[in-house]
Structure formats: C-alpha cells, structure tokens
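Visitor: Below is the structure I would like to discuss, written out as structure tokens.
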Amino acid sequence: MTEKQITQQKATDKHKEELADRSKWAFQLPQSAGIVLALILLGGLFTFLSPVFMSTTNIVNILVQSSMTIVIATGATIVIASAGIDLSVGSVLALSGIFMAMTLKAEWPVGLCILVGLLGSLLIGAVNGWMVGKVKITPFIATLAMMSVARAVAYIITDARPIYGLPAAFRYSGTGKIGPVPVPGLIAIVVAIIGHLILERTRAGRNTLAIGGNEEAARLSGVNVGRAQIIIYALAGLAYGIGALIMTARMNAAEPMAGSGLEMDAIAAAVIGGTSLAGGVASVFGTVIGSLILATLRNGLTLLSVQPYFQQLTIGIVIVAAVFLDKIRSR
Amino acid sequence: MTTSEPILRMTAITKRFPGIKALDDVDFSLHAGEIHALLGANGAGKSTLMKILCGSLKADSGEIAMEGRTLTFEEPADAISAGISYVPQELMLAPTLSAARNILLGQEPLRFKALGVIDEKALKAQAQEVLDRLGMHIAINRPVQEHAVSTQQMIAIATALFRDSRILVLDEPTSSLSEAEIERLFAISRKLRDEGHAIVFISHHLDEVFRIADRLTVLRDGVFQGVFTVGETTQDDVVALMVGRRMDAAESYTHEIREDDVALRVSHLSSDGVVDISFEVHRGEVLGIFGQVGSGRTETLRAIFGADRPERGEIDILGERVSIRSPQDAIFQGMGFITEDRKRQGLVLEMSIGDNISLGNYEPVMTRGLVNPRARNHVASTYQKDLQIKMQDPNQWVKYLSGGNQQKVILAKWLNRHSKILLMDEPTKGIDVGAKQEFYALINALAEQGVAILMVSSELNEVMMLSDRILVMKDGRINGEFIPESGMEEAILAKAL
C-alpha cells in the first residue's frame, strides 16, 4: 500500500472505530430505526402517487385497519420470541368471535360476552401451549392441527352460517371513538404496551426470550419450560381474542370463515418488525411498525387501484425483502 | 525443517467487533514445510485471525499475501481455492454421510455431468487414496457419526488434504483425543509437514505444542507478542507472554471438613452410562471426579441434577431423602450445575449478561411485580466486581465475552441462587491460563464458605490441586478413591484407563 493509501486507510479505520463504538448496542437491537424509515418513505411514496392518501380520513383508516393486525401480531410476537410459531391465529379468532356473537344473541350482558370470547381464545391457546410444552409436539404441527380443529368447530357450531346483527354497545368496540381516537386504535395501543411490558419486565416474558434463545440452557437454569409454553400460547390466544373483538365489532357479524390467512399477516408483521423466527430476539415496537407498513401498503395499493392479487404479490415481496435485509444486518 | 521463504504473510491485520478490538495490527507468517503453533489466551484473537485467513471474516485493514501475491477473500470458497483449509474445533462434517462423501463434498466425481449423478466407484477410490496417504484404514462407507471422534478428526483433515491445500489450519484438534490418538495425529502432521505442507496448530495444551511445533506465534489481547523457534524458548516464557505476568507455582488447596457434615449423599445411582454409583460430599469439600471422556462423569452429574431421569438411585441432601425429577427440583434443594458445554447448555448467547445471571431467578430483581432492569444490572455489576468479569456493560450480550468470562457469568448465576451444592462439569475447559487461576481461587473460596463442590475434570493436575478427595470413574463405575498427594498421578491415571 502507498503512503497515501495507508493514511486514508487509517482515517477510515478511525471512522469505523467510532461508528462501531457508537453503534455497538444497535448491533444487538432489532433495527427499529430502519423500518420506521421504511414506513416514512412508503408514506411519502403513496402521498406522491395518490392525492387522497395523505388525508385525515385515510390516515385514520390505516390506523384502524392496522389495529387488529397489531393486536394479533403482538400475540404472534410472543410466540415467535419463544422460537415457536402459531398457525391457528385465524381459526381461533373466528371461533372467539363466534363465542361472542352467540352469547350476544342470547342477550347476555355485553361485558360478559366479550369475556367469554376472550376466555375461549385464551383456553384454546393454553391447549396449544400444552401440546407444545407438555406433549412435546413441535409448534408448527400442534398449531396446524389446532387451526383445522378450531375452524371445524366454528363451522359446526354455527351450522356454517354467519351470525349478524349485534348490539350497539358491542359494536362500539369496533366503530366507536374516544375523542378523535378510534376505539380499535386505543385497544391496539394498550395491547402493544402490555405486550412490550410482558416481554421486557415479567417473569413469563423473560422466560419466553430465554426459551427462544436457548431452551436447554433455560431448562437447566430452572425455568419450567412446559408451564412457560402454556402461558406463552395462552397469552397469544388472548391476543387473538382481542383481535376477534375488533373484527367482529367492526363487521357486525361473526362468521366461521373469518380470519382465514390472518396468521400470515401476524407473522409477517412480526418478522418485518425485526422479531427473529429463530427466537430469542423480539420487539413489540417493531411489530407495531410492521403492522403499519402492511396496512399502509394495502391502503396505498388499493387507492392506486391495484388488483388484490397484485397486492398480495407486493406484500409477499416486501416480506422477503425485510427478512433479507435482516440477514444482511446481522452478518 | 523449514524453508527460508514464507509462503504466507499476513501483515498489519486489524479487526474490530462492536466494542472490542479483536486484532490490532497483527503480523503472521508461515513457511512451507513447518508446523506453526498459534498461541494465546481465550480472547487473544487466534480464532479471529484464522477466520480471516480462511475467508469467513474480512479484516478491517491489513493484507494477506501468498507467495508474494496479495489475495482478497470474499468468502471461504476463495480461501479454499487459494489452497487454505480450515479444520474447526467443531468438525464441520455431515454426520449422516459416509466418510467418502464427506471428503469429496462439493467435488464429487460425476457421471453424466448434466444430471449430476455421482460416480460412486470413483468417489470411493479417490477417498481411499487420500486416506491411504494418511495411513488410515477405516470403513469409508459408514456414516461419520458412527466413527470415534478421533477418526472424525482424521476424516476432517482428509477433506482438507483432498483439496491438496498447501496450508492446513487445525483449531484445537486434540481436545477430544486420547493420548494414543494424539500421537497418531502428530505422526500424520509430521508426515504432511515433511511433504511440504504448512500446518497452523492452535492449542491450549503447551506440552503438546512444544512436542509438535517448529515455530510458535503468541498473541495477547489482539496484539502480536512475538514469533519464536520452539527450541529457543521455554513453556514458562511463552506462558508469561500469553498472560502478561509470571504465574505463581501451583499450590494445592485443602479444606477443613467435618466427617458427619454430609451435604449430598448419592446411593446406588444408575442411569444410561452410570452403574450403581454411591458417594458422599461434605459441606465445604471439593470432591473431584476424574475419568476419561465417556466414563459416565457427565451422566452422573446430570442424573443427580435431574437433567436426566435415572433408572434407580436415592439422593439425600443434608440428611434428608429428596426426590429430584427435574432441574427445578434440584435447584429448589440448593443445587447448581455448571454444565460442560457453556454455549449450548449454560448461556443464552443473545441475551445480556444481566439476563443470563438472572436466568430463571427473577425474584431478587423484581419490584412491584415487574422485573427491574436497574436492579438486574446492579446485580450483574456486583458480580462483575466480585468475580472480576471482564465486560463492558451489563447489557452486553454474553456472546461477545471470552470463554473464561462466560464461565464466570454462569458461576454468577448460581451464586445468585445461593447454591449450597455446586456440580461442575469441566469448569475450566477452553479457558485461558489466567482465567483458570482465577477460577481455582473462586472454587477454593466457595469451599471455604461451606459450599459442597462436585467437580468433574479430565485434567489431572487440576483435579489434584483443587480436590480434597478424588473419585476415579471408569466405564460408568467408581473405580478408585484417593486423597491426593503428589506422586499419586500415575496411580490415579491407571484407575481411569
């Protein structure tokens, strides 16, 4: 190397050293900065392409549409953090909505009906957790089975017919507003905050990340892995139930075919947000941004009259890009 | 025998990771026809330097030149094409494939090139040829996982040889080998050296290094300390360079033990690999368990700790019969277990030091029902001081610590549980000299505080120095019991073989 090259190299080294020291913690966090930027750029792009995108109504629209995703994706985040996966999201959500609708039709108090739906999805989640943690079935298979079973039960108990016409008090959860803020949005924020707190500050959450990072080490350090799995999937189930609340309230109907394919959205939002499918690293904040990105994409593409199948293609590409960038970043 | 012109020259290599400078302006050169040992404590930069040489990492600055030509490697395949082969400590073999398939992996002779059908006959012939060169006679069609670890090691070397690599890097090749197997490895290495290959030999075992190497390079904390011809330096000098100070002569530790103060009693324990084991450990005693790999030592500890279910056996703690059916039960009874494989069983690598110390044990750091990050970090800092853990910050992932410091984090985890009975499986394996000494002092301090320690080790010196009593295990049984005194080494070893 020439003198000049050596000097330049030393200058680059010093710069790299400074960057390395400053960003050393960044190497350890899901790269939230990157996806926030991506969201902003996406918003900018659609604003440029469509005159109606950046209107209050539309933005509120996006927030409401992302609310359900945020809620169920938070549940998925907890499962994925434990190095598991949950394919039963959509089916459990449908079943939970049906429980709520059936009890509403039987004129039980609204609060109780919601509770029944939430308890139902929580218990189904607990069964998932039991299969994974105690019977030791791999999460993919266990939740795949539950997906089929829950969906079948949904069709059976409704006789394959949707349940329409729910009381106004119930619908408020989906269509109401508190001040300028839509209720689903508030629910989503609360769920996200609680999800974050669970992962960061509770025993269950720390155990979840430990199990996802190294299950054997967690077990040998005294974590009751079987019991933890039950809690993890039960919490996820609860989240899906809250998602069911929002969807059923907004649609004013519970139908057995509801939620088909939602598991993909939930997982996609989590992965885009930086939660690693290998477990051990998770960010609820990232999941929120991931959900917003998905909702923005759908909304923007619809405004641009892009056909639904092309929308699906675009979203698929975005997911691959997100995982690809994640791999590069962690090299 | 070395030629005077280096075939490999690495100059001014520098490499940084977040928060750590792994290599600082390091030079390394290799001659054809030599065995060159690369020495240094854990974290000194040996593996990093070799990973750069073999193409799996890129240096931040510096140059690699082979026979005068500067080379850049974008990925390991480039290094392999240049004639450099790396045999890592965790042998990178496909366990279910045969030896022949492994040796020619990626370069299988093909019939009908377009279809990619492998020419089995040519494959076996070529594999056999390489193995013959090494003087090895093994079944080349059995899956490699069915061979002994030492044979697997040879197969890994054969893979490197098949590529006709001029430079072979062997990373800790002897850690799982018996004495006879080490001798065979050395014989093969010498043969390769005499044929003109250059071998880089990374090892912690100085006596082996001094037996086999022609020259050696010492690194410390990422800085080049010097290159020496083996005949012109001593082990003590090298250790001083590795550690930065002279080591004190080893002293042996003993403790006052009351015969009736039994902390742990194991009766007729049997499980897979353990046959009818019975013994006692007293409070404040260090009971060493010595034996060869596969003698049932780890299985014994795991059965006691509830990590595996034993077929038979009773455990008494402080005189009371207890039932241990899971690690949780064992921990509840006051036991702790420092496992043999810290990365796979002891730590969650991508979690912070603070999290690892509090793993599964959150009560001490919870306020108002929630885990308090500040309390958790405070706990970590306390252990950092007490155990002298070299780290930047309690939020740092343990992945970035050296082996010795990782082991200290694991010890801190059990100390935080106030374990009364500590089971340790090869606690100083893969740890540098300085950290080993610190660990010995810690183990001794714990025994003096009344902790009962059950320590498995395959290093005779270590076991003799630390233990009040030694049990020798062989083939799943206890084959001998000793109160260690100098001069007993051969007797103890005999009982283990």
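Visitor: Name the residues in the range A:289-328 that are among the basic types (Lys, Arg) and buried (at least 19 other Cβ atoms within 10 Å of the Cβ), would you?
Guide: Narrowing the range A:289-328 to residues among the basic types (Lys, Arg): A:298, A:327.
Result: A:Arg298, single match.
Conditions (1) touching a residue at least 24 places away in the same chain (Cβ under 8 Å); (2) more than 8 Å from chain A (Cβ to nearest Cβ); (3) outside any helix (DSSP H, G or I), marked per residue:
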position	(1), (2), (3)
B:Glu299	yes, yes, no
B:Ala303	yes, yes, no
B:Arg309	yes, yes, yes
B:Glu314	yes, yes, yes
B:Ile324	no, yes, yes
B:Asp329	no, yes, no
B:Gly336	yes, yes, yes
B:Glu340	yes, yes, yes
B:Lys343	yes, yes, no
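Visitor: How many residues are of a type in the set (Gly, Ala, Ser) and at the interface with chain A (Cβ under 8 Å from one of its Cβ atoms) when one looks only at the range B:353-368?
Guide: Let us first name the residues in the range B:353-368 that are of a type in the set (Gly, Ala, Ser), namely B:354, B:358, B:360.
Filter once more, so that each one left must be at the interface with chain A (Cβ under 8 Å from one of its Cβ atoms): B:358, B:360.
Count: 2.
Visitor: Restricting attention to the range B:345-369, and to residues there that are among the charged types (D, E, K, R) and more than 14 Å from A:Gly280 (Cα to Cα), which single residue is surrounded by the most Cβ atoms within 10 Å (Cβ to Cβ)?
Guide: Narrowing the range B:345-369 to residues among the charged types (D, E, K, R): B:350, B:355, B:363, B:368.
Cutting the leftovers down to more than 14 Å from A:Gly280 (Cα to Cα) gives us B:363, B:368.
Working: B:Glu363: 8, B:Arg368: 5.
The extreme case among them is B:Glu363.
Visitor: Now a separate question. Being touching a strand residue (DSSP E or B) at 6+ places or on another chain (Cβ under 8 Å), free of Cβ contacts under 8 Å to residues at least 40 places away in the same chain and either more than 27 Å from B:His204 (Cα to Cα) or in the same structural domain as B:Thr339 (by TED's automatic domain parsing) (or both) is true for just one of B:Gly480, B:Gly487, B:Gly476. Which residue is that?
Guide: On the way: B:Gly487 fails: touching a strand residue (DSSP E or B) at 6+ places or on another chain (Cβ under 8 Å); B:Gly476 fails: free of Cβ contacts under 8 Å to residues at least 40 places away in the same chain.
Every option except B:Gly480 fails the conditions.
Visitor: Considering only the range B:280-295, state which residues are in contact (Cβ under 8 Å) with a residue 60 or more places away in the chain, in a loop (DSSP other than H, G, I, E, B) and surrounded by fewer than 24 Cβ atoms within 10 Å (Cβ to Cβ).
Guide: Start the filter on the range B:280-295 by keeping residues that are in contact (Cβ under 8 Å) with a residue 60 or more places away in the chain, which leaves B:281-293, B:295.
Among the residues that remain, those that are also in a loop (DSSP other than H, G, I, E, B) are: B:283-285, B:292-293, B:295.
Listed by number, the residues that qualify are B:Arg283, B:Gly284, B:Gln292, B:Val293.
Visitor: Identify the residue in the range B:58-106 that is hydrophobic (A, V, I, L, M, F, W, C), touching a residue at least 24 places away in the same chain (Cβ under 8 Å) and in a loop (DSSP other than H, G, I, E, B) and, among all such residues, is nearest to the other protein chains (Cβ to nearest Cβ). Give the steps one after another, and end with the answer.
Guide: Quick first cut of the range B:58-106, residues hydrophobic (A, V, I, L, M, F, W, C) only: B:59, B:64-66, B:71, B:73, B:77, B:79-80, B:82, B:84, B:87, B:91-94, B:97, B:99-100, B:103-105.
Now restrict to residues that are touching a residue at least 24 places away in the same chain (Cβ under 8 Å): B:59, B:64-66, B:79-80, B:84, B:87, B:91-94, B:97, B:99-100, B:103-105.
When the remaining residues are screened for being in a loop (DSSP other than H, G, I, E, B), the result is B:59, B:91-94, B:97, B:104-105.
Values: B:Ala59: 11, B:Leu91: 21, B:Met92: 19, B:Leu93: 22, B:Ala94: 21, B:Leu97: 25, B:Leu104: 29, B:Leu105: 24 Å.
If we take residues in the range B:58-106 being hydrophobic (A, V, I, L, M, F, W, C), touching a residue at least 24 places away in the same chain (Cβ under 8 Å) and in a loop (DSSP other than H, G, I, E, B), then B:Ala59 is nearest to the other protein chains (Cβ to nearest Cβ).
Visitor: Is there a residue being modelled with pLDDT under 90, in the same structural domain as B:Gln292 (by TED's automatic domain parsing) and farther than 25 Å from B:Glu285 by Cα anywhere in the range B:437-457?
Guide: No - not one qualifying residue is present in the range B:437-457.
Visitor: Next up: If we only count helices (runs of 4 or more DSSP H) wholly inside the range B:371-487, which ones have 1 or more residues that are of a type in the set (Lys, Arg)? Can you show your working first?
Guide: Numbers: elements: B:373-387, B:403-415, B:433-448, B:460-466.
Once the helices (runs of 4 or more DSSP H) in the range B:371-487 are filtered for at least 1 residues that are of a type in the set (Lys, Arg), what remains is B:373-387, B:403-415, B:433-448.
Visitor: Checking the condition modelled with pLDDT of 90 or more, assigned by TED's automatic domain parsing to the domain that holds B:Ser203 and among the β-branched types (Val, Ile, Thr), which residue from B:Ile20, B:Ile35 passes? Show your work before the answer.
Guide: Details: B:Ile20 fails: modelled with pLDDT of 90 or more.
Exactly one residue qualifies, and that residue is B:Ile35.
Visitor: Okay, next question. Pick out, from the range B:207-276, the strands (runs of 3 or more DSSP E) lying fully within it that include 3 or more residues that are over 30 Å from B:Asn479 (Cβ atoms), among the aliphatic types (A, V, I, L, M) and modelled with pLDDT of 85 or more.
Guide: On the way: elements: B:215-220, B:223-229, B:262-271.
Counting at least 3 such residues, we get B:215-220.
Visitor: Quick one: what pairs do we get from the range A:215-235, first residue within 14 Å of chain B (Cβ to nearest Cβ) and of a type in the set (S, T, N, Q), second outside any helix (DSSP H, G or I) and crowded, with 22+ Cβ neighbours inside 10 Å, C-beta under 8 Å, 6+ apart or different chains?
Guide: A:Ser221/B:Leu359; A:Ser221/B:Gly360
Visitor: I would also like to ask the following. Going through the range B:54-82 one residue at a time, which ones are under 12 Å from B:Ile13 (Cα atoms), out of contact with any Lys or Arg (no Cβ under 7 Å at 6 or more places or on another chain) and acidic (Asp, Glu)?
Guide: Once the filter is applied, which keeps residues that are under 12 Å from B:Ile13 (Cα atoms), out of contact with any Lys or Arg (no Cβ under 7 Å at 6 or more places or on another chain) and acidic (Asp, Glu), the range B:54-82 yields only B:Glu63.
Visitor: Additional query: Take the residues in the range A:257-290 that are of a type in the set (Ser, Thr, Tyr) and more than 21 Å from B:Leu349 (Cα to Cα); name whichever of them is farthest from the other protein chains (Cβ to nearest Cβ).
Guide: Filtering the range A:257-290 for residues of a type in the set (Ser, Thr, Tyr) gives A:260, A:275-276, A:283, A:287.
Cutting the leftovers down to more than 21 Å from B:Leu349 (Cα to Cα) gives us A:260, A:287.
Numbers: A:Ser260: 34, A:Thr287: 18 Å.
The residue in question is A:Ser260.
Visitor: Could you check B:Gly360 against (1) assigned to a helix (DSSP H, G or I); (2) free of Cβ contacts under 8 Å to residues at least 40 places away in the same chain and say which number it fails?
Guide: The one condition B:Gly360 does not meet is (1).
Visitor: Just one of (1) modelled with pLDDT under 85; (2) buried (at least 18 other Cβ atoms within 10 Å of the Cβ); (3) outside any helix (DSSP H, G or I) trips up B:Gln153, so point out which.
Guide: Unmet condition: (3).
Visitor: Regarding A:Lys4, is this residue closer than 22 Å to A:Ile328 by Cβ, at pLDDT below 90 and among the basic types (Lys, Arg)? Break it down stepwise before answering.
Guide: On the way: closer than 22 Å to A:Ile328 by Cβ: no; at pLDDT below 90: yes; among the basic types (Lys, Arg): yes.
No: the conditions fail for A:Lys4.
The values are calculated or read from the model by the stated rules, or taken from the named source; none is laboratory data. The model shown is predicted, which means the values in this text are computed figures rather than measured ones. Positions of Cβ are generated from backbone atoms using ideal geometry, with glycine treated the same way; all protein chains shown enter the neighbour counts.
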